[in-house]
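The values are calculated or read from the model by the stated rules, or taken from the named source; none is laboratory data. All figures in this text were calculated on a predicted structure; none of them were measured in a lab. Cβ placement follows ideal geometry from the backbone for every residue including glycine, while neighbour counts extend to all protein chains displayed. Heads up: the accessible areas ignore ligands, DNA and RNA and are worked out on the full protein's heavy atoms, side chains in. Shrake-Rupley method; radii C 1.70, N 1.55, O 1.52, S 1.80 Å.
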Amino acid sequence: MFSARFAKFIEMWQQEFGIERSIDERVCEDRDGNPIPWYTYPAIEYLAQFDYRNKKVFEYGCGNSSLFWASRAETVTSIEDNLDWFAKWEKEFDRVNLDVRWRDEGEAYEQAIFEDGCRYDVIVVDGKRRAECAAAAVKALAAGGMVILDDSDRINTSKEYVKAVAALKEADLIQVDFYGFCPMNCYSKNTSLFLSRDFNFQTLAAIEPVNGWGNLWSMSRRARKDFYKKLG
């Protein structure tokens, strides 16, 4: 038998996070069907609070994260190494500010970040050759920007991630780890943000932190009391 409080916890994950549908249908979407990255939920919520309208984003690895960023940023450049996936993304991801490019997984892959000769405010390392991509990312990072390294918990079993994290730390970036569950998975993982010492992104809300998904403090005092009363 489940307690009322535990049943409410499960309901919150189903309704507020949409995780049941995400796992069963293998989709990276929020409860309203909006695309979200395959990062941990804490990382997604943290990232979603910032204003990216004048920011340039570069991604190693393409997917629903590309649409997440394209709905927020000025420009998004996403690199894909799988030709089949590239054909799919290029056809489906019809966004004026989203440029999906195919590059072989060799040296051309990590060097793609230098093709346009610009610096990027957000660089996502979430594809192949993460050690090499992390090393390239620090050279192309704009002042005040950040690098996102997904699946960073693999550092415990992968030399590639040891090298990736080392390259980012050697660049004097501040590491912030977001542990937790994520879309499509029934287990937890880690998404790490590496922030410039002069990280200066503005938030969309006048006051932060904003209330996250399933947070009761967005309710009035009376509504919170009624919520707990029903649980017994």
Checklist entry - Which one of the conditions (1) open to solvent by 20 Å² or more (accessible area, probe 1.4 Å); (2) farther than 23 Å from R130 by Cα; (3) of a type in the set (A, V, I, L, M, F, W, C) does F50 fail to meet, given that it meets all the rest? => result (1)
Item to check | Residue among F6, F2 that is without any contact (Cβ under 8 Å) to a residue 60 or more places away in the chain, outside any helix (DSSP H, G or I) and under 22 Å from C186 (Cβ atoms) | outcome: F2
Checklist outcome for this item: Per the filter on the range 189-232, residues part of a loop (DSSP other than H, G, I, E, B), farther than 26 Å from R53 by Cα and among the aliphatic types (A, V, I, L, M) are M219
Next on the checklist: Out of W13, W38, I need the residue that is under 24 Å from D153 (Cβ atoms), of a type in the set (F, W, Y), open to solvent by 70 Å² or more (accessible area, probe 1.4 Å) and modelled with pLDDT of 90 or more. Which one?
Outcome noted: W38
Item to check | Residue among V162, V125 that is among the β-branched types (V, I, T), within 18 Å of W38 (Cα to Cα) and in contact with a helix residue (DSSP H, G or I) (Cβ under 6 Å, 6 or more places away or on another chain) | outcome: V125
Next on the checklist: Given the criterion within 18 Å of the chain's Cα centre (by Cα), under 22 Å from T40 (Cβ atoms) and surrounded by 13 or more Cβ atoms within 10 Å (Cβ to Cβ), identify the matching residue among G214, G180.
Outcome noted: G180
Checklist outcome for this item: The correct count of residues that are buried (at least 17 other Cβ atoms within 10 Å of the Cβ), at pLDDT 95 or above and more than 20 Å from P35 (Cβ to Cβ) in the range 95-119 is 2
Checklist entry - Regarding K189, is this residue out of contact with any His (no Cβ under 9 Å at 6 or more places or on another chain), at pLDDT below 95 and surrounded by 15 or more Cβ atoms within 10 Å (Cβ to Cβ)? => result no
Checklist outcome for this item: Within the range 150-188, residues assigned to a loop (DSSP other than H, G, I, E, B) and under 26 Å from E20 (Cβ atoms) come out as D151, C182, P183, M184, N185, C186, Y187
Item to check | Odd one out for I123 among (1) in contact with a strand residue (DSSP E or B) (Cβ under 6 Å, 6 or more places away or on another chain); (2) closer than 19 Å to K189 by Cα | outcome: (2)
Next on the checklist: I'd like to check something: does the range 141-162 contain any residue that is small (G, A, S), surrounded by fewer than 17 Cβ atoms within 10 Å (Cβ to Cβ), closer than 23 Å to T40 by Cβ and in contact (Cβ under 8 Å) with a residue 12 or more places away in the chain?
Outcome noted: no
Next on the checklist: Checking the conditions here, which among E45, E11 is over 17 Å from the mean Cα position of the chain (by Cα), among the acidic types (D, E) and in a helix (DSSP H, G or I)?
Outcome noted: E11
Checklist entry - Of these, E20, E45, E92, E25, which one is within 28 Å of L195 (Cα to Cα), of a type in the set (D, E) and either surrounded by fewer than 21 Cβ atoms within 10 Å (Cβ to Cβ) or modelled with pLDDT under 95 (or both)? => result E45
Checklist entry - In the range 193-211, what count of residues is obtained for those that are farther than 24 Å from R31 by Cα, open to solvent by less than 40 Å² (accessible area, probe 1.4 Å) and of a type in the set (G, A, S)? => result 1
